[in-house]
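K.L.:
Dumping the structure here so I can ask a few things about it.
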2 protein chains.
Amino acid sequence: MTTQPAWPSAGIGALALTDLLGRWAAADGPLYRLLATRIARLADTAELPAGLRLPAERDLATALSVSRNTVAAAYQLLRDEGMAESRRGAGTRIVPHRTTPAAVHRANGFFAGLLEEAVVEADLSLAAVDCAPQVAAALTNPDSVLDRAERDALTRTPGYFPHGLPDLRIAIASHLTERAGLPAGPSQVLVTTGGQQAVDLLIRSEVLPGQPVAVEDPTFPGALDALHRAGARVIGIPAGEGVDPERLEHVVRTHRPAMVYLIPAHHNPTGLVMATQVRQRVARIAAAYPDTLFVDDMTLAELPLRDGPRVPPLAALGPDVPNLVSVGSLSKLYWGGLRTGWISGSGGLIARLAATKAAADQGSTAFQQAIVAALLSGPHEDIVKWRGEWVRARYDALAGALRASLPGWTWPEPDGGLCLWARLPGEADGADSSAFAQAALRQGVAVVPGRLLSASYRGASYEGAHSGANAFVRLAFTQPPDVLRAAARKLAAIPPPSR
Amino acid sequence: MTTQPAWPSAGIGALALTDLLGRWAAADGPLYRLLATRIARLADTAELPAGLRLPAERDLATALSVSRNTVAAAYQLLRDEGMAESRRGAGTRIVPHRTTPAAVHRANGFFAGLLEEAVVEADLSLAAVDCAPQVAAALTNPDSVLDRAERDALTRTPGYFPHGLPDLRIAIASHLTERAGLPAGPSQVLVTTGGQQAVDLLIRSEVLPGQPVAVEDPTFPGALDALHRAGARVIGIPAGEGVDPERLEHVVRTHRPAMVYLIPAHHNPTGLVMATQVRQRVARIAAAYPDTLFVDDMTLAELPLRDGPRVPPLAALGPDVPNLVSVGSLSKLYWGGLRTGWISGSGGLIARLAATKAAADQGSTAFQQAIVAALLSGPHEDIVKWRGEWVRARYDALAGALRASLPGWTWPEPDGGLCLWARLPGEADGADSSAFAQAALRQGVAVVPGRLLSASYRGASYEGAHSGANAFVRLAFTQPPDVLRAAARKLAAIPPPSR
């Protein structure tokens, strides 16, 4: 009794397999053995389903930036261990073993680094910060920020708050009203387990499989992963130097997407701020297309690299436009370990999302929400100031080291955020950042190849080989300055790959 | 520019609307106005989509246990306010306004109580406990249970742990190995945001839309909600007095479900333990059907009402059967506000689930996981003992009061858990528990009508009107004993409804 494989005659592309392999080379032992071991594990977990055709040796060797002999030896080892079989003219396949429906889902390769335990010397792939000292102190000693009577009242409740803890909803509404210039009441706020859940809940609640969703290209890979899992049809709008509003309006008019997902300040990965007139135009488009939800991801909004007025969210430009929605998070300012994010929108939307969240997890962790509410109402501005200095020191270190060691690299000067979107030098199309990222990994430096942030990349079929994204890498500047400087020197020692 | 309503000519059944109305009557004011206000709000949130036909006045009046005049006046008010329109022969419809894809999702009515703020005097609908004192002390003073060096090391990490904090994975693996008789290593454990997320992630990762999933009928409504949202085809196996293993095997052989979801100890809502020979038989069925995932929800396993040996999980009966999976939670033992649950299964399954969790929320709240790990490794047995006394006092209070006030009610004597599955007296089919629950709500007592726990109930089309579930109510005994006694007296004052 075996189930038919989900794609009995399908193959996996070399780049898609590269994503799944993750940091396969970051361990001891000969490369061919590391490669075979990792492929065997993926077959074991059904991430590579039974019957799947592996890439041709030559293609995989190119994608991994290794010799063809290495791939050939790995495939031979898999055959020897009964995990694969080869037939003349039909390539090498995973031996039918056991498959599950999960085989048709595929994690975005972006998360490979988060999901595996391989340690690299300099991880420039994860735009994540350590815990701000004010936050660590509150977590360690909750009584320093909590009122004792309120704290005891909380632990007497059942602890289920699908909308979020009332105190935190109030604190977030005040934060949006007073600091972001976005008037909001507590009933317009849903607390989520970080910004990732905010995006995922919006998609689960508001996007049906097959519906179009427009995103900037490149964009936050976590949004792409959630969209692909939901079966959305993702439409990318070029945004390497900011979105062209004409093009955005054309996409909305033509495709009538269920959702448009934007990161106006500061864009992930470019770090740019959407210009004032573009933001105003987007708010007008939203007013004209009430059946499309326009999502403004503000996760990085409070991380400017320069002084200046705070960029107001799109929703502040259309106060009577109920399809303008904001997503926020404290992960990049306070700590990712808090897993505290939110969605702010119309009361009706929030009610639908709360029902979706009840089915997903019945609410986020309750006690910590009280601590976060106290931090938002208390030392928030101190934390913003502290983190601002933290980020600027790191950006200066990385940018300076890159300019010194890799003068051919170029990037748009970021206005804020935690990443730098660097173009590798090369021919007209630029270099192949996927092969570069593989070579970097073997030097102990993890970077994200641009295709993983591109809407045109879907693993098995990457239609965007000629899109700009493949010539770029995303470099997060969240490691200590000396680690960033050493990483730049290591990257400079890698021979520039060309297509 | 308006989108076509998702079901332009569709209507909603009276029971389905009753679910969505939730605790509509638990407020001040005339009933017709409360009813109209709640319907208008549902239309506003698109939970009742534009164009939807409302139930006939007579049907809704019966379902809500109110007079037909009340419904007629409510519909009139909706027409007066432009929210509805009536046409001869075509009934009353929500006026086209704005609809969203969310309109085709529907929350299980079970969650209505969790999602609204209406307060009832005695809530017997939510099987949720307050925070155990040992847990509250640790949350308030983390340094009392955490090692300072480990704590500081944690806040220096980025805080993203899609698999769960390593220390908590180790603590859960030890807990399963040493206390539950289920040998497990940390790589076989995924930490989740409560048992609800454990069930939801299993469904998202392992069940494709349209695939069959078998459940006990009645069962945990949170599982039903997640299954319906995922588009699974839910097959109920009668379980009012325990599952017949012949029937289970027949369903598995005939339908080849992607998943079988079971609650062997202590079943929600009946509180029964699956007999030893039935559990052994289920483990053998699982071994024979490796493409079906058998999920054992152990959330209530450590809440026995009587002394005796602990019931081992199904997975302990088939240590070499990788499709036997366990779900656990501390919500009912420690506190729901922790939102700490887990999945234990094969390493391959855990790897797929971690990728799914990364896309859902990139991991649960990190710092609290360190506290929970310390509690699991420390005062766990004290908490089990304390909670056991807590539960038994409440069960005795409710059961005694029901026997005294409502001698016609019967229920299977529960072996454990937090609920009592009571059959209302009536004719052959029993009474109509939906109407009874409505009448109880107006007396300030919230109970769950049995149909919300039945696989045959899907809101719009309830095919199980003649299934046993509709004659039952689920009563949680988690309120203080005096509240439970007062509730029983109030329930006794309600005239028994009949079909």
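The values are calculated or read from the model by the stated rules, or taken from the named source; none is laboratory data. All figures in this text were calculated on a predicted structure; none of them were measured in a lab. Using ideal geometry, Cβ is built from the backbone for each residue, glycine included, and neighbour counts are taken over all protein chains shown. SASA here: full protein model, heavy atoms, side chains in, ligands and nucleic acids out. Shrake-Rupley method; radii C 1.70, N 1.55, O 1.52, S 1.80 Å.
K.L.:
Which entries in A:332/A:357; B:357/B:385; A:490/B:357; A:357/B:385 show an alpha-carbon gap greater than 28 Å?
P.N.:
Over 28 Å apart, Cα to Cα: B:357/B:385; A:490/B:357; A:357/B:385.
K.L.:
On to the next question. Shortest first and in nm with one decimal, please list how far the residue A:152 label point sits from its counterparts in the other copies (point 7 Å along Cα→Cβ).
P.N.:
Label-point separations across copies, in nm and ascending: 3.4.
K.L.:
What is the average number of partner chain Cβ atoms found within 10 Å of a Cβ in A:41-48?
P.N.:
Average neighbour count from other chains, rounded to a whole number: 4.
K.L.:
Now, a different point. Taking the Cα centroid of the stretch A:273-339 and of the stretch A:41-71, what is the distance between the two, rounded to the nearest whole Å?
P.N.:
Answer, in whole Å: 41.
K.L.:
Rank-order B:151-159, A:263-271, B:82-90, A:129-137 by packing density, defined as the average count of other C-beta atoms within 10 Å over each peptide's residues, highest first.
P.N.:
Ranked by mean Cβ neighbours within 10 Å, highest first: A:263-271, A:129-137, B:151-159, B:82-90.
K.L.:
Just to confirm the number: angle between the C-alpha axis of helix A:166-178 and the first principal axis of chain A, 0 to 90 degrees, nearest 10?
P.N.:
Computed tilt is about 80 degrees.
K.L.:
By Cβ position, which chain B residue lies least far from the axis that rotates chain B onto chain A, and what is the distance to the nearest whole angstrom?
P.N.:
B:365, 2
K.L.:
Still on this structure, I have one more. I'd like the per residue volume of the convex hull spanned by the Cα atoms of the protein assembly as shown, given in cubic angstrom.
P.N.:
161 Å³
K.L.:
At residue B:320, with labels set 7 Å past Cα in the Cβ direction, how many nm apart are the copies from this one, shortest first?
P.N.:
7.2
K.L.:
Right, next: Could you tell me what percent of the accessible area of the stretch B:193-330 is made up of carbon and sulfur, with a 1.4 Å probe and every protein chain present?
P.N.:
52 percent
K.L.:
How big a patch of accessible area, both sides summed and in Å² to the nearest 100, lies buried between A and B at a 1.4 Å probe?
P.N.:
6900 Å²
K.L.:
Using only atoms on other chains, find how many Cβ atoms lie within 10 Å of each Cβ of peptide A:346-355 and report the average.
P.N.:
Going residue by residue through A:346-355 and averaging, the value is 6.
K.L.:
Among residues other than residue A:56 whose Cβ falls under 15 Å from its Cβ, what is the net charge (Lys/Arg +1, Asp/Glu -1)?
P.N.:
Cβ neighbours under 15 Å give a net charge of +4.
K.L.:
Angle between the Cα long axis of helix B:68-80 and the longest principal axis of chain B, 0 to 90 degrees, nearest 10?
P.N.:
With rounding to tens, the tilt is 90 degrees.
K.L.:
Now a separate question. With a 1.4 Å probe on protein heavy atoms only, tell me which residues of the stretch A:357-385 lose at least 50 Å² of accessible surface in the complex relative to the chain by itself.
P.N.:
Residues shielded by partner chains are A:359, A:361, A:362, A:365, A:367.
K.L.:
Among A:345-355, B:480-490, what's the highest-first ranking by average C-beta atoms within 10 angstrom per residue?
P.N.:
Descending mean neighbour count gives A:345-355, B:480-490.
K.L.:
Can you list, shortest first in nanometers, how far residue A:382 lies from the same residue in the other copies, with each label 7 Å from Cα toward Cβ?
P.N.:
3.4
K.L.:
Follow-up. Taking the Cα atoms of chain B, report the difference between the largest and smallest coordinate on each principal axis, in whole Å and largest first.
P.N.:
The principal-axis extents, from largest down, are 70, 60, 51 Å.
K.L.:
For the ranges A:290-301, B:409-420, what's the packing order if you count other beta-carbon atoms within 10 Å of each residue, average per peptide, and put the highest first?
P.N.:
A:290-301, B:409-420
K.L.:
What distance in nm separates the two pseudo spin-label positions at residue A:85 and residue B:396, each 7 Å out from Cα along the beta-carbon direction?
P.N.:
Taking the two extended label points, one gets 6.6 nm.
K.L.:
Shielding by partners for B:217-229, please: the mean number of other protein chain Cβ atoms within 10 Å of each residue's Cβ.
P.N.:
Counting Cβ atoms of other protein chains within 10 Å of each residue's Cβ and averaging gives 2.
K.L.:
Where the centre of each part is set by its Cα atoms, how far does the stretch B:120-148 sit from the stretch A:127-177, in angstrom?
P.N.:
The stretch B:120-148 and the stretch A:127-177 have Cα centres separated by 15 Å.
K.L.:
Could you state the accessible area per residue of the protein assembly as shown in Å², with a 1.4 Å probe and every protein chain left in place?
P.N.:
35 Å²
K.L.:
Give me the percent relative contact order of chain A, please, defined on Cα pairs under 8 angstrom at least 6 residues apart.
P.N.:
19 percent
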